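The structure appears right after this line, and notes come after that.
The values are calculated or read from the model by the stated rules, or taken from the named source; none is laboratory data. Keep in mind that this is a model prediction, so the values were computed, not measured. Cβ sites come from the backbone with ideal geometry, for glycine too, and all protein chains shown count toward neighbours. Accessible surface is based on the protein model in full, side chains and every heavy atom, while ligands, DNA and RNA are left aside. Shrake-Rupley method; radii C 1.70, N 1.55, O 1.52, S 1.80 Å.
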Amino acid sequence: MPHYCVLCGSELGVRVIEGREVEACSNDDFVLWHDPKVTTAVVIEFDGGVVLGRRAIEPRLGFWCLPGGFVNDDEDPWDAAARECMEEICAEVELVRLIGVFHIAKEGAPSMIGIAYQARLAEGSRPSPGKEMLEVGVFDLASLPVLAFPSHYKVIAEHVGEVPAMGVGDDWGPTFRGKPAAAEPRIAFAKAPREKQPSRAQGPSRPPRKS
């Protein structure tokens, strides 16, 4: 699909800049840089396990994942992580530390930069499914379900200081610490009402960043 210059409207052509082929305008200095998207993932420990949500939307509908999502263009990633937790698992969290920054390669789409945090539930906060989740549950690290995104295994592995064992089975079929993937959470929270659509509305203000 052709792209066009935002300055003059001309169709962009291929130009080599800094050793890379990019789309650029031949009439002016406009270059269409394909920058990666920035996303967050949050590891929330609860009662000896980790909080996961089962997705109510594509991609990977019905699979479990860490709470998290895309960072808005005017948003601090730290604040985005807290906002996504409120939207996806309806829980106010206090972020504890940065786990790591990860490159997430994609096929047919721009790559992503994943920023992962550890968090704890704010006092009195209890998870429940948001509009983008069918249910929320707590899983033992030794018996995780098949997760929606391979990068989330990397995040959890980095969090606990281990390398996950990536086996072959149903779908990606990964395991963690050599244990088979589990289908049911150890602790389950109420399921979300049916036919809810995802929302990009901003959540309430977040707790101040902890040093």
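Some points to look at:
- Loop-located trypsin sites (Lys or Arg not before Pro) in region 99-153 whose Cβ has at most 12 other Cβ within 10 Å (DSSP): K106
- Ordered from highest to lowest accessible area with the whole protein assembly present and a 1.4 Å probe, R15, R55 read as R15, R55.
- Scattering profile of region 51-125 at q = 0.27, 0.28 Å⁻¹ [log10 I(q)/I(0), Debye over alpha-carbon scatterers]: -1.42, -1.43
- Rounded if a/c under 1.5, otherwise prolate or oblate - region 73-164, Cα gyration tensor axes: rounded
- Legend: Rg and Dmax of region 40-81, from Cα coordinates, 12.0, 35 Å.
- When the P(r) is computed for region 6-67, the part past 15 Å accounts for 68% of the Cα-Cα pairs.
- Gyration tensor (alpha-carbon) shape descriptor, region 1-150, a/c threshold 1.5: prolate
- Simple rule: put +1 on each Lys or Arg Cβ and -1 on each Asp or Glu Cβ in region 1-105, find the dipole, and look at I104, T40, M86; the Cα lying farthest toward the positive end is I104.
- Close amide H partners of V96, meaning residues 5 or more places away or on another chain with modelled amide H under 5 Å apart, are Q118, A119, R120.
- Less than 5 angstrom separates the built amide H of F70 from those of T40, all sequence-distant by 5 or more or on a different chain.
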